[in-house]
Structures are given as structure tokens and as C-alpha cells.
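Asks: Encoded as C-alpha cells, here's the structure I'll be asking about.
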Amino acid sequence: MARRIKRFGGQHETLPIKDPRQLNEFMFNLLRKRDRAKTPVKRYQADRNWMLCMLGFNTAFRAEDLLQLRVIDVKKGYVHIKENKTSKMQNFRMNKKLHKDVLDYIKRNKLTDYDYLFMGQKKIQNGKKYVYPITRQRAHKIVSQNAKEIGIDFVFGMHSLRKTFGYQYYKNGGNLLTLMKMYNHDEPNVTLLYICWGKEDAENDREAVYLGGVHK
């Protein structure tokens, strides 16, 4: 059964990035941190944070699904995972440019097939070292801090990556019904509400339309 959006009283809603220039600055700031990193560890962490946002913006995965990705889940360019929340399967081919970014990231950081893409925690259990992915709380801090650094003044968190995908997809001519299916929503208006498509967006699109003009 398709889901409706849950509403919680008293909580601030995370919002998507609507301005493409702001989205570019968000990603550029992450790359800037990687380029300025002073140690291999800091460089890996900055690279990891950049790839976290790249995949978040381009797959619309929920945070828990994104953080559980291993190299083997993405290296062939075809994503096949089971969603934690819905137990539904996600099957799709990645954009070719995104796939190249992923392969370059894997190569740069010498990741093996069963490594998590976004490694963070190291723990010793029964004498063996295990490397776990970063936590959802840590991921939220990464993206929210980066948003603050470039002057984003609205609530921005991991869910904003998922919403930004939907907003930009629809803004650039994507099919609303297709987007609804991607999100597993039950009605188009639920999807529009989710991606924060408002009156100002409709007005801006109308202003951009110019039909029938004849120039001699």
C-alpha cells in the first residue's frame, strides 16, 4: 500500500534546495574542503562527505538506505537494494556520469566490494576490527553544517537531499506521476507537497513562458 506523508506537530520541516546556483555552491564547498584537507584521514572524510551528497541528491534514497550502501551495491552501475522502511526493492540503472564519479571515488579510496561506501566508526569485537558506516546523526551534521557554511538559512538535513532530487527532477520537466512512483506516494498532490512545490514555483514557471512571438 502506498504511503501518505506523516506530519508531526512542533517539528521544523526540512526543505529542498531550489536555486541551482545554491546547489552548485553546496557541492563546490564540499570539494573545496577535500582539496584543502591536510591529512589523508581528513581528505578521505571530505571525499566521503562529497560522495554522500552526490548519491543523496541523485538517488533520492532515504538516509538509512544511503548509509547502508556497500561498494558491491553500486560498482556495476545498477542499483539493487531493499528499502529498510518499506521492504520494497529499488532497481534502477545509474546515470553514466554519476557511475563514473562513484567508480573514481572507489578507486581513490581503495575500497573493496564489501566495504561501506561511507565508512566512519571502527569497533573491536572479539578481537576483530569492524568498520561501520557513519551514523544518521553524523550524516545529518555533515549536510546541515555544509548548508550553514554557504549561507542556507532554512532547515536542511539528510531528508533535504531526497527532496532536492524530487524538486529539481520536476522543475526540469520530469513526469509527476513517475516521481510519485519513485517516492511511493499515493497521490500527485502529496508528491508536490513533499517536494515543496508552491505557488511561487508555478508563478515563476508561468513568467518564463513566451509563446507565439514573431520576430522579423
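Asks: Every residue in the range 74-110 that is touching a residue at least 24 places away in the same chain (Cβ under 8 Å), farther than 20 Å from Phe165 by Cα and not β-branched (Val, Ile, Thr), please.
Replies: Answer for the range 74-110, where residues must be touching a residue at least 24 places away in the same chain (Cβ under 8 Å), farther than 20 Å from Phe165 by Cα and not β-branched (Val, Ile, Thr): Lys75, Leu103, Tyr105, Arg108, Asn109.
Asks: Kindly indicate which of Asp65, Asp47 is at negative phi, out of contact with any strand residue (DSSP E or B) (no Cβ under 8 Å at 6 or more places or on another chain) and not hydrophobic (A, V, I, L, M, F, W, C). Spell out the reasoning first.
Replies: On the way: Asp65 fails: out of contact with any strand residue (DSSP E or B) (no Cβ under 8 Å at 6 or more places or on another chain).
So the residue among Asp65, Asp47 that is at negative phi, out of contact with any strand residue (DSSP E or B) (no Cβ under 8 Å at 6 or more places or on another chain) and not hydrophobic (A, V, I, L, M, F, W, C) is Asp47.
Asks: For residues that are in contact (Cβ under 8 Å) with a residue 24 or more places away in the chain and either in a loop (DSSP other than H, G, I, E, B) or over 21 Å from the mean Cα position of the chain (by Cα) (or both), tally how many sit in the range 111-137.
Replies: Total satisfying the criteria: 9.
Asks: Filter the range 103-162 down to the residues that are under 15 Å from Met27 (Cβ atoms) and of a type in the set (A, V, I, L, M), then identify the one that is surrounded by the fewest Cβ atoms within 10 Å (Cβ to Cβ).
Replies: This residue is Ile150.
Asks: Turning to a different aspect of this structure: Can you pull out every residue in the range 26-65 that is part of a helix (DSSP H, G or I), touching a residue at least 60 places away in the same chain (Cβ under 8 Å) and either among the hydrophobic types (A, V, I, L, M, F, W, C) or closer than 20 Å to Tyr169 by Cβ (or both)?
Replies: Those that are part of a helix (DSSP H, G or I), touching a residue at least 60 places away in the same chain (Cβ under 8 Å) and either among the hydrophobic types (A, V, I, L, M, F, W, C) or closer than 20 Å to Tyr169 by Cβ (or both): Phe26, Leu30, Met51, Leu52, Cys53, Leu55, Gly56, Phe57, Asn58, Thr59, Ala63.
Asks: Here is a follow-up. Write out, first by first residue and then by second, each pair whose Cβ atoms fall under 7 Å of each other, whose residues are 6+ apart or on separate chains, and whose first residue, in the range 183-194, is over 19 Å from Phe92 (Cβ atoms) while the second is at pLDDT 85 or above and among the aliphatic types (A, V, I, L, M).
Replies: Pro188/Leu176; Pro188/Leu177; Pro188/Met180
Asks: So Tyr130 ticks every box in (1) in contact with a strand residue (DSSP E or B) (Cβ under 6 Å, 6 or more places away or on another chain); (2) at pLDDT 95 or above but one. Which box is left unticked?
Replies: Status for Tyr130: all satisfied but (2).
Asks: Checking Ala60 against (1) crowded, with 19+ Cβ neighbours inside 10 Å; (2) farther than 17 Å from Lys97 by Cα; (3) not β-branched (Val, Ile, Thr), which single condition isn't satisfied?
Replies: So the condition that Ala60 fails would be (2).
Asks: In contact with a strand residue (DSSP E or B) (Cβ under 9 Å, 6 or more places away or on another chain) and within 28 Å of Lys88 (Cβ to Cβ) - does that describe any residue in the range 158-166?
Replies: No, that holds for no residue.
Asks: In the range 174-194, how many are closer than 15 Å to Phe61 by Cβ and not in a helix (DSSP H, G or I)?
Replies: The qualifying residues number 1.
Asks: Does Leu179 fit the bill of being buried (at least 20 other Cβ atoms within 10 Å of the Cβ), of a type outside the set (Phe, Trp, Tyr) and under 16 Å from Asp19 (Cβ atoms)?
Replies: In short, no.
The values are calculated or read from the model by the stated rules, or taken from the named source; none is laboratory data. Small disclaimer: the values here were computed from a predicted structure and weren't measured. Backbone-built Cβ (ideal geometry, glycine too); neighbour counts: all protein chains shown.
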